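The values are calculated or read from the model by the stated rules, or taken from the named source; none is laboratory data. Nothing here was measured: the structure is a model prediction, and the numbers come from that model. Using ideal geometry, Cβ is built from the backbone for each residue, glycine included, and neighbour counts are taken over all protein chains shown.
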Amino acid sequence: MDVIKLGLGGFGTVGSGLAKILDMNADRIAKKLGKKIEIKSVLVRDLNKKRAFDLGPGATFTDDLDTLVNDPDIDIIVELMGGLDTAKDLMFKSFAAGKHVVTANKHLLAEHGLELFDAAKDNNVALMFEASCAGGIPIVQTLKESLAGDEVQKMLGIMNGTANYILSEMTTKGMDFETALADAQDLGYAEADPTFDIEGFDTAHKLCVLIRMAYGVDYPLSDIPVQGITSVTPMDIEFAREFGYRVKLLAHVMDVDGQLEAGVHPALVPYTYLLARVGGNYNAVRLEGNAVGPIMLHGQGAGDLPTGSAVLADIMGIARQLDCTCSNVDNTGFGNQPIPKANILPPEQSESKYYFRFTVADRAGVMAAITKSMADHGVSIAQAVQKGEAGAEGVPLVIISHETKAKDADAMLREMDAMDFCVEPCVKFRIL
């Protein structure tokens, strides 16, 4: 039986997960492909480090990138090291050597995806990246193939398990942010430096990649508005619950009269929505197509086996094409045509309902001043709740607005933050 030989760049959590799946599902893989898949060589930084999984006598480790890329026996390079510079170098050299590449590196794809697509096209090799977005959830191929004939009107997603775990713990157990974060770190759900996760950057990387797959355009990472979850408090979560919402870190993109509106932000999601019920470190993506209507994909967004499963799916997809005399590999889902820049709706022109929390001194005239400022800026009130004892310092006042433009909401908040009765900066979250 023919054997597909892999060269792995990196052997951390995902790499060892891939190796485990290749071992435990070897018979099924061979039955599906009519070929075996084996790891030939692995690029690592430290040759003496103890590994989480034993590859067996047939595989070798190397610390030399060129040795891996130039091995004539290797059919597919699997980049799992993360980061930017070395991973980028590995991929470009692999393309030049005529080798197909599978990657889970959403940061690299978000920053340099257009260059990588061009290089893969120029060398007529595959660049596959299912594992880069939402772990084991098959969202990339869903957009590229299953929904190839649909116009995607809207996409919403919980795409970071760390942030979702923290918000879930704050919601179900009443934890504050710092305690929930420490708990996530103890369980291995959060890195020692969790900045990319809790500040929304990891989610933005994934959103950037998925916008290309859904719309065939480049929405530059630097243009995506990003707000993390560090400003979410147990008080906000409790108020949201009273109004019938749960707080989630969402990525979103939608077509607004031919322009794309996109962003990453904490949002109040109606508790009746399936997205509101996605708990723990799980991910979910909700799509709306003009033909298929709404669909939702839900599953584990990280981990060795779920992400390794997505990597393996790409490897098997390439393996099926190795004997094909295809004149051009379509990596983008849009015929490898040049990817134009998106027609972007300016973020300040976006419209949403909003949750506002003002922490104010409890004195006469405060509510009147707030409602006047809102009226002056065209922000209409739908609901309002004030709690706290008379005379207390820093009474929370929460207002839910009707649909309003972001620029009007922000102008109103700037005016409020300058008022002497606001004892803390005002808080604003979108409402789904």
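Every test in (1) farther than 27 Å from residue 253 by Cα; (2) at pLDDT 95 or above; (3) in contact with a Ser or Thr (Cβ under 7 Å, 6 or more places away or on another chain) is passed by residue 373 save one, and that test is (3).
Checking the conditions here, which among 121, 144, 106 is basic (Lys, Arg), within 26 Å of residue 288 (Cα to Cα) and surrounded by fewer than 21 Cβ atoms within 10 Å (Cβ to Cβ)?
144
Here the strands (runs of 3 or more DSSP E) wholly within region 242-324 that include at least 1 residues being over 30 Å from residue 99 (Cα atoms) and of a type in the set (S, T, N, Q) are 259-270, 282-289. Are any residues in region 178-196 out of contact with any Leu (no Cβ under 9 Å at 6 or more places or on another chain) and assigned to a helix (DSSP H, G or I), and if so, which ones? Matches in region 178-196: 178, 179, 181, 182, 183, 184, 185, 186, 195, 196.
For residue 146, the conditions (1) more than 16 Å from residue 202 (Cα to Cα); (2) in contact with an Asp or Glu (Cβ under 7 Å, 6 or more places away or on another chain); (3) hydroxyl-bearing (Ser, Thr, Tyr) all hold with the exception of (2). Is it fair to say residue 195 is surrounded by fewer than 18 Cβ atoms within 10 Å (Cβ to Cβ) and under 15 Å from the mean Cα position of the chain (by Cα)? For residue 195, the condition - surrounded by fewer than 18 Cβ atoms within 10 Å (Cβ to Cβ) and under 15 Å from the mean Cα position of the chain (by Cα) - is met. Selection of first residues in region 400-424 that are without any contact (Cβ under 8 Å) to a residue 60 or more places away in the chain and of second residues that are assigned to a helix (DSSP H, G or I) and buried (at least 17 other Cβ atoms within 10 Å of the Cβ), restricted to Cβ pairs under 8 Å at least 6 apart or on distinct chains, gives the following pairs, ordered by first then second residue: 401/374; 401/409; 412/373; 412/374; 415/373; 416/370; 416/373.
So that you can scan it fast, the table gives a plain yes or no per residue for (1) more than 30 Å from residue 12 (Cβ to Cβ); (2) out of contact with any His (no Cβ under 6 Å at 6 or more places or on another chain); (3) not hydrophobic (A, V, I, L, M, F, W, C):
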position: 304; (1), (2), (3): no, yes, yes
position: 311; (1), (2), (3): no, yes, no
position: 321; (1), (2), (3): no, yes, yes
position: 336; (1), (2), (3): yes, yes, yes
position: 345; (1), (2), (3): yes, yes, no
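Inspect all residues belonging to region 44-54 and state whether any of them is of a type outside the set (D, E, K, R) and in contact with a helix residue (DSSP H, G or I) (Cβ under 6 Å, 6 or more places away or on another chain). Looking through region 44-54, at least one residue is of a type outside the set (D, E, K, R) and in contact with a helix residue (DSSP H, G or I) (Cβ under 6 Å, 6 or more places away or on another chain). The residues on offer are 184, 163, 180, and the sole one that is at pLDDT below 95, small (Gly, Ala, Ser) and surrounded by 15 or more Cβ atoms within 10 Å (Cβ to Cβ) is 184. Within region 302-340, the residues that satisfy the criterion of being more than 15 Å from residue 129 (Cβ to Cβ) and within 20 Å of the chain's Cα centre (by Cα) are 302, 303, 304, 305, 306. Is there a residue being without any contact (Cβ under 8 Å) to a residue 24 or more places away in the chain, more than 12 Å from the chain's Cα centre (by Cα) and not assigned by TED's automatic domain parsing to the domain that holds residue 99 anywhere in region 134-143? Taking every residue of region 134-143 in turn, none turns out to be without any contact (Cβ under 8 Å) to a residue 24 or more places away in the chain, more than 12 Å from the chain's Cα centre (by Cα) and not assigned by TED's automatic domain parsing to the domain that holds residue 99. Among the criteria (1) among the aromatic types (Phe, Trp, Tyr); (2) in contact with a helix residue (DSSP H, G or I) (Cβ under 6 Å, 6 or more places away or on another chain); (3) not in a loop (DSSP other than H, G, I, E, B), the one residue 117 does not fulfil is (2).
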